[in-house]
Amino acid sequence: MSKKFIVCDPDKCLGCQICEFACSADRERSTDPLYSRIRVVNLEPRASMAVACVLCDNTPCVPSCPTKALRKTEKGTIQVEEKGCIGCGWCIAACKFGAITLDPSKKVVSICDLCDDDPKCVKLCPFEAIVYSTLEEATPKFKSSATGRLLQELRSGP
């Protein structure tokens, strides 16, 4: 079975950050989007895109951690051992998709864990810009967009 992950279509994303609020509220019980595990980035003056962990096969973030605080789960998500994380940011630098954030109060990294296969960011996106799907399902939907190029890069590997 193919793994599912969160994909955003920048042609539909308006940068409203509702996905960030949904994530921070659900995962950290906060209304501050700085606690979100998904980030809205501006690609150009009129385009935005939400970015979350894409569950890389080679997981460059895991071996970059000097304290071994990150591990890949059987499901493919990255688990952060908060007691071991020193907030050095090496994993943040290793992630070529910008999908790892630093929790501003705990000073440990946060990575999307897909909300136990029920991502709130997907459910609450008012523009249906975010989908939770496999690579095979998502590629035809986003063929002509920037996301299509990202998915093609994921398919070809590093």
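Worth pointing out:
- Anchor Lys12: lysines whose Cα lies under 18 Å away (excluding residues fewer than 8 positions away in-chain): Lys120, Lys123, Lys141, Lys143
- Computed on the Cα trace of the chain, the radius of gyration divided by the Kirkwood hydrodynamic radius gives Rg/Rh = 0.94.
- From the C-alpha gyration tensor of the stretch 47-135, square roots of 5λ in Å: 23, 14, 13
- Along the chain, the longest continuous region that contains none of the GluC sites (Glu not before Pro) in a DSSP loop with at most 15 other C-beta atoms within 10 Å is 1-73.
- Subtracting the Cα-Cα distance of Val41 and Lys106 from their residue separation scaled by 0.36 nm leaves 21.1 nm.
- For a straight C-alpha distance cut-off of 13 angstrom, the aspartates and glutamates reachable from Lys72 (same-chain residues fewer than eight places away being disregarded) are Asp57, Glu81, Asp113.
- Computed over the chain, the per-residue total of -39500 (n - 2.57) for DSSP H runs of n ≥ 4 gives a 222 nm mean residue ellipticity of -7000 deg cm²/dmol, rounded to 500.
- Annotation: the stretch 1-90 has a Kirkwood hydrodynamic radius of 14.8 angstrom, from the mean reciprocal C-alpha pair distance.
- Comparing mean-square fluctuations of Lys68, Lys120, Lys12 from a GNM of the chain with C-alpha springs under 10 Å, the top value falls on Lys68.
- The residues neighbouring Val122, those whose beta-carbon lies less than 11 Å from its own, together hold a net charge of 0 under the Lys/Arg +1, Asp/Glu -1 convention.
- Cys residues of the chain that find no other Cys beta carbon under 4.7 Å: Cys8, Cys13, Cys16, Cys23, Cys56, Cys65, Cys85, Cys88, Cys95, Cys115, Cys125.
- Were the residues from Cys88 through Ser133 laid out at 0.36 nm apart, the gain over their Cα-Cα distance would be 13.0 nm.
All of the numbers you see were taken from the coordinates with simple rules; none came from a lab. Source: prediction; values computed, not measured. With ideal geometry, Cβ positions are generated from the backbone for all residues, glycine too; neighbour counts draw on all protein chains shown.
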